[in-house]
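Below you'll find the structure, written out as structure tokens, and then a few comments.
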Amino acid sequence: MKITYLGHSCFLVTTAKARLIIDPYLTGNPLAAAKADDIHVDYILCSHGHEDHTGDALAIAKRCHAQIVANYEIAEYFGAQGANTLGMNPGGAHVFPFGKVKLTLAHHSSSVNAGLNPIYLGNPCGLLLFADGKTVYHAGDTALFLDMQLIGKYPIDVAMVPIGDNFTMGPEDAAAALDLLKPKLAVPMHYNTWPPIAVDPQEFVEAAAVHDHTVRVLKPGEALEI
Ligand code: NI
Ligand code: MN
């Protein structure tokens, strides 16, 4: 399995049988390592409704005839705009030709068009991806929460965790999350995209090292093979 970081919380995951993009936000993302038009995938996974996690989902879904997999409300929202979607909800898993996706809890919010008339887009989620004998956890946007210890019962090979603070966990809480998740490797995300989430990822690396957790900081465009 190849995991390529495209900036913010967006990852391209290439499995033996399918290409997936998680939280597609390339258009308007100052750190984007790819253009939305250059993405070719079979599935689009969205952790929650915010535009910095769903911004390019509809366009990619339509151009690639890819299926959007997300919570029920996000699936209905994009389904009503002509996309092929599969709605799920936390605790639920679905088996695909490439493997299995399970939605987990996340503590955050989920809407689009925030302002006077935000559209509610269900509960925020994390994503567990089981494919090619590997387990990947993408935490979405979330606070630290104790139920992460239940997610940690899976043998997580790679955990992508937000560290940018302000909207999500900061470096200290993200390091504490690793005590609950116990991944073989952690990759930080959701930082340095804009000033409110400016964070030195070394803070996370050092906080994680105190408890012997291994972190790999990926620059946008960098990939790892597991
Ligand atoms: Ni968010
Ligand atoms: Mn976000």
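Looking at the chain, what % of its DSSP beta bridges pair antiparallel, to the nearest 5? Expressed as a percentage, antiparallel bridges in the chain total about 60.
Of D52, D141, D132, which is the most mobile in a GNM of the chain whose springs link Cα atoms less than 10 angstrom apart? Greatest mean-square fluctuation among the candidates belongs to D132.
Estimated purely from DSSP H runs of n ≥ 4, each contributing -39500 (n - 2.57), the mean residue ellipticity at 222 nm for the chain is -5000 deg cm²/dmol once divided by its residues.
Probing with 1.4 Å while keeping every protein chain in the model, the per residue accessible area of segment 93-226 equals 45 Å².
Highest average first, the peptides 5-13, 111-119, 201-209 ordered by how many other beta carbon atoms sit within 10 Å of their residues are 5-13, 201-209, 111-119. Among the protein heavy atoms of the chain, carbon and sulfur supply 53% of the accessible surface, probe 1.4 Å, non-protein parts ignored.
Placing unit charges on each Cβ (+1 for Lys and Arg, -1 for Asp and Glu) gives segment 2-221 a dipole about its Cα centre, and among N71, N29, G49 the Cα reaching farthest toward its positive end belongs to N71.
Using the Cβ atoms and a cut-off under 13 Å, what net charge is assigned to the surroundings of V158, where Lys and Arg are +1 and Asp and Glu are -1?
+2
Taken about its Cα centre, segment 2-221 carries a charge dipole of about 840 debye when Lys and Arg each add +1 at the Cβ and Asp and Glu each add -1 at the Cβ. Listed by chain and number, the aspartates and glutamates placed with their C-alpha closer than 12 angstrom to that of K2 are D132, E222, E225; residues fewer than eight positions away on the same chain are left out. If Lys and Arg each add +1 and Asp and Glu each add -1, what is the summed charge of the other residues whose beta carbon sits under 12 Å from the beta carbon of E206? Its environment carries a net charge of -3. Shown in residue order for segment 143-157 are the 3J(HN,Hα) couplings computed by the Karplus curve 6.51 cos²θ - 1.76 cosθ + 1.60 at θ = phi - 60°: 7, 5, 9, 5, 5, 4, 5, 6, 5, x, 6, 7, x, 6, 7 Hz (x for Gly and Pro).
Taking trypsin sites (Lys or Arg not before Pro) in DSSP loop states with no more than 11 other Cβ atoms inside 10 Å as exposed sites, the chain has its longest site-free stretch at 36-152.
Extension gain, H65 to E225: 0.36 nm times the residue separation minus the Cα-Cα distance gives 55.0 nm. The Cα-based radius of gyration and maximum Cα-Cα distance (Dmax) for the chain are 15.9, 48 Å. The length gained by stretching the chain between L86 and N117 to full extension, at 0.36 nm per residue less their Cα-Cα distance, is 8.6 nm.
The values are calculated or read from the model by the stated rules, or taken from the named source; none is laboratory data. What you see is a predicted model, and the numbers here were worked out from it, not measured in a lab. When we count neighbours, we look across all protein chains shown, and the Cβ atoms used for this are built from the backbone with ideal geometry, even at glycine. Please note that ligands, DNA and RNA were not included when accessible areas were found on the heavy atoms of the full protein model with its side chains. Shrake-Rupley method; radii C 1.70, N 1.55, O 1.52, S 1.80 Å.
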